[in-house]
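Comments concern the structure below.
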Amino acid sequence: MKRIIIGFIICLLFANCNKKEKRITHLRDSYIISYEDKKIKNYYDSIERKNKIKIPPPPRKVFYSDNQLIIDNQNNLFFYQKEYIQILCDFGFIDDSIPEFLGIKPKDIVKIPQNSLNDFLSENTLTKDRQILIIASQNDTIKNKSFLHFLDHNKIPTYLIRRTTQEEDTVLHYKKTKKYYYSDEIKWDTTRIKLPTKN
């Protein structure tokens, strides 16, 4: 009888441990972009040190794809799409750490209700041939609960998380303030954006 009771108590303890683990994985309270980027860099550096060989660098930072999700500094969710221009080779990129000017307009950006993020992204991303999502945040630390839930239950095969670009910040400001936006009147910081060359 003692063995049965002891066995039952041990089973209860293991069951409780499993429940705690499950709770912990679903209670992510933030995502820190710089921390995650640093983790990836450290991982690649450690492989190089361990194997003492030069390995290819991590995939280069991509600024845009067909679908972009923006999380503003008040945790609101926005979405815009752009036509994807495929680049077949990487030759000719002198500085790919500066994003290109896209010509986004405030009307191109739509606000997503907090409780509809998964459904919205599934409907607008998973129905395409290229199921890639770029996630951009105005803050380094993301605490939006809908987004964190999306990360835990993500169905999109490829996504990248980065900070917002100067153009995204500017256009989003004009959308939220409902002011008239004309890109030629903006004083763009050319160290942060590649403007198209004028003929």
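The figures follow:
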quantity: Over 31 Å (Cα to Cα) - which of Lys178/Lys198; Lys105/Lys128; Lys145/Lys198; Lys145/Lys187; Lys155/Lys176 fall in this group; calculated: Lys145/Lys198; Lys145/Lys187
quantity: Residue-level accessible surface for Asp45, protein heavy atoms, 1.4 Å, Å²; calculated: 40 Å²
quantity: Those chymotrypsin sites (Phe, Trp or Tyr not before Pro) in region 169-199 that DSSP places in a loop and that have at most 10 other beta carbons within 10 Å; calculated: Tyr180, Tyr182
quantity: By accessible area with a 1.4 Å probe, ligands and nucleic acids excluded, highest first: order of Lys128, Lys176; calculated: Lys176, Lys128
quantity: Proportion of all alpha-carbon pairs of region 97-197 beyond 16 Å (%); calculated: 65 percent
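The values are calculated or read from the model by the stated rules, or taken from the named source; none is laboratory data. Please read all numbers here as calculations on a predicted model, not as lab measurements. For neighbour counting, all protein chains shown are included, and Cβ atoms are generated from backbone atoms with ideal geometry for every residue, glycine included. Areas reflect the complete protein model, heavy atoms only, side chains present, ligands, DNA and RNA absent. Shrake-Rupley method; radii C 1.70, N 1.55, O 1.52, S 1.80 Å.
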